[in-house]
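*Asks:* The following block contains the structure, expressed as structure tokens.
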Amino acid sequence: MKEINAVLRDLKQRKFKKVYLLMGEETYYIDKISEYIAQHALTEEERAFNQVVLYGRDIEVDQIISESKRFPMMAEHQVVIIKEAQELNKSIYNLDSFIPQLQESTILVLCYKYKSIDKRKALYKNIKKEGVVIESKPLYEDKVPGWIIDEVARRGYRIEPKSAMLLAEFLGTSLGKINNELDKLCLILPEGSLITPAIIEENIGISKDFNSFELQKALISRDQKKAFRIINYYAQNSKEHPILKTIPVLYNFFSKLLLFHGLKNKSSRNEVASALGISPFFVKDFTLGAQAYSMKSVSAIVASLRELDLKAKGVGAQNLPAAELYKELLIKLRA
């Protein structure tokens, strides 16, 4: 993330490199960086003669070289953007000897999505030497809420940690998908607004009452009635709340709760947050959780969740209805 922010900062200061290799499974930053270059490296008038966008499936490497050799017309730079560069397959490595020959006026952008080029090859080493390589990896699930909070703040808005958790749970780890939903909210809300669960429910359709955050809260407080209502809602709406998505969320919480039980120093909220890899805001949930569940109980729940995960995947049990699996989940969580 530091590398990505540094590249974006340099671009805003018009510090351009000759070549950018943007690769990896997480496509959000590949699009963000390439789009910024496309929109800001040249003026609108300059783009007509000095910017070309090509697609890997439609071209050969020779065309990339040919376009990149041109001199800009009445502009400081010319921009060559290759989208879906992974479609060039192994032929992309034929660019290796050309990269050192790139002229200073050229900005070549290679958008290599969903995977990475071989770092042992000369192409990678030459691009690293002559320009910028960004490898964009998916965020871990527990890092997504923090990313949402930072992104919302960057846009001039505020968001409750619970709201960030709801978005992360519902939208997953795809930053592009999350960004699209944040765009919608920012269009609707005045700048500086606080994004609450109620706003999310109204505009995105995520229930503020029936979600893993509320289930976790019910379990911590030993509110069996509320936990049953949520589990029952999940069972009746299993397409929107598949059990294979619910189990990992609960497993993540209880495995962290097990780690919390083992901490020697629980008095420093920041130290606990760092040890568990969570926001300090959620430390109180683990304090309450430790009061509700002994270390022995948590160990039993973690083991049960592993077993149920296998069963939900068809290991040792075939085609069990979602309602039965959710019923068993609730029983296991009563340990």
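*Asks:* How many of the residues making up the stretch 230-247 are over 14 Å from LEU325 (Cβ atoms) and in contact (Cβ under 8 Å) with a residue 60 or more places away in the chain?
*Replies:* So the count comes out to 0.
*Asks:* Just give me the residues in the stretch 183-198 being within 26 Å of LEU250 (Cβ to Cβ) and either touching a residue at least 12 places away in the same chain (Cβ under 8 Å) or not in a helix (DSSP H, G or I) (or both), in sequence order. Before the answer, list the steps.
*Replies:* Pass one, the stretch 183-198, residues within 26 Å of LEU250 (Cβ to Cβ): 195-198.
The answer is ILE195, THR196, PRO197.
*Asks:* Out of the stretch 26-51, which residues are open to solvent by less than 30 Å² (accessible area, probe 1.4 Å) and farther than 30 Å from TYR140 by Cα?
*Replies:* If the condition is that a residue be open to solvent by less than 30 Å² (accessible area, probe 1.4 Å) and farther than 30 Å from TYR140 by Cα, then ALA41, LEU42, ASN50 are the ones that fit.
*Asks:* For the stretch 124-132, does any single residue satisfy the condition of being in contact with a Phe, Trp or Tyr (Cβ under 7 Å, 6 or more places away or on another chain), farther than 19 Å from PHE16 by Cβ and open to solvent by 10 Å² or more (accessible area, probe 1.4 Å)?
*Replies:* No, the stretch 124-132 has no match at all.
*Asks:* Please determine, by comparing only the residues of the stretch 65-89 that are touching a Gly at 6+ places or on another chain (Cβ under 9 Å) and of a type outside the set (Gly, Ala, Ser), which one is farthest from LEU11 (Cα to Cα).
*Replies:* The first filter runs over the stretch 65-89 and keeps only residues touching a Gly at 6+ places or on another chain (Cβ under 9 Å), leaving 82-89.
Those left that are additionally of a type outside the set (Gly, Ala, Ser): 82-84, 86-89.
Values: ILE82: 18, LYS83: 19, GLU84: 22, GLN86: 24, GLU87: 27, LEU88: 27, ASN89: 28 Å.
So, considering only residues that are touching a Gly at 6+ places or on another chain (Cβ under 9 Å) and of a type outside the set (Gly, Ala, Ser), the one farthest from LEU11 (Cα to Cα) is ASN89.
*Asks:* On to the next question. Cβ contacts < 6 Å: first residue within 28 Å of ARG47 (Cβ to Cβ) and of a type in the set (D, E, K, R), restricted to the stretch 106-120; second residue open to solvent by less than 50 Å² (accessible area, probe 1.4 Å) and in a loop (DSSP other than H, G, I, E, B), any location; separation 6+ or different chain. Result?
*Replies:* Partner pairs satisfying both residue conditions: LYS113/THR27.
*Asks:* In the stretch 52-74, which residue that is open to solvent by 100 Å² or more (accessible area, probe 1.4 Å) and among the hydrophobic types (A, V, I, L, M, F, W, C) is farthest from LYS113 (Cα to Cα)?
*Replies:* Only one residue fits best here, namely MET74.
*Asks:* Taking the stretch 7-25 as the region of interest, how many residues are open to solvent by 30 Å² or more (accessible area, probe 1.4 Å) and closer than 21 Å to GLN103 by Cα?
*Replies:* Our first condition is that a residue be open to solvent by 30 Å² or more (accessible area, probe 1.4 Å); within the stretch 7-25, this holds for 9-10, 12-17, 25.
When the remaining residues are screened for being closer than 21 Å to GLN103 by Cα, the result is 10, 13-17.
Total meeting the criteria: 6.
*Asks:* Let me ask something additional. Enumerate the helices (runs of 4 or more DSSP H) found wholly within the stretch 24-105, keeping only those where 3 or more residues are over 28 Å from the mean Cα position of the chain (by Cα), farther than 18 Å from GLY131 by Cβ and without any contact (Cβ under 8 Å) to a residue 40 or more places away in the chain.
*Replies:* Correct list: 44-50, 61-69.
Residue-wise test of (1) in contact with a Ser or Thr (Cβ under 6 Å, 6 or more places away or on another chain); (2) at pLDDT 90 or above; (3) open to solvent by less than 20 Å² (accessible area, probe 1.4 Å).
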| position | (1), (2), (3) |
| --- | --- |
| PRO145 | no, no, yes |
| GLU151 | no, yes, yes |
| ARG155 | no, yes, no |
| LEU166 | no, no, yes |
| ILE178 | no, yes, yes |
| PRO190 | no, yes, no |
| ILE199 | no, yes, no |
| ILE204 | no, no, no |
| PHE213 | no, no, no |
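The values are calculated or read from the model by the stated rules, or taken from the named source; none is laboratory data. Predicted, not measured: the structure shown is a model, and the values here were computed from it. So basically every Cβ, Gly included, is an ideal-geometry build from the backbone, and we count neighbours across all protein chains shown. SASA here: full protein model, heavy atoms, side chains in, ligands and nucleic acids out. Shrake-Rupley method; radii C 1.70, N 1.55, O 1.52, S 1.80 Å.
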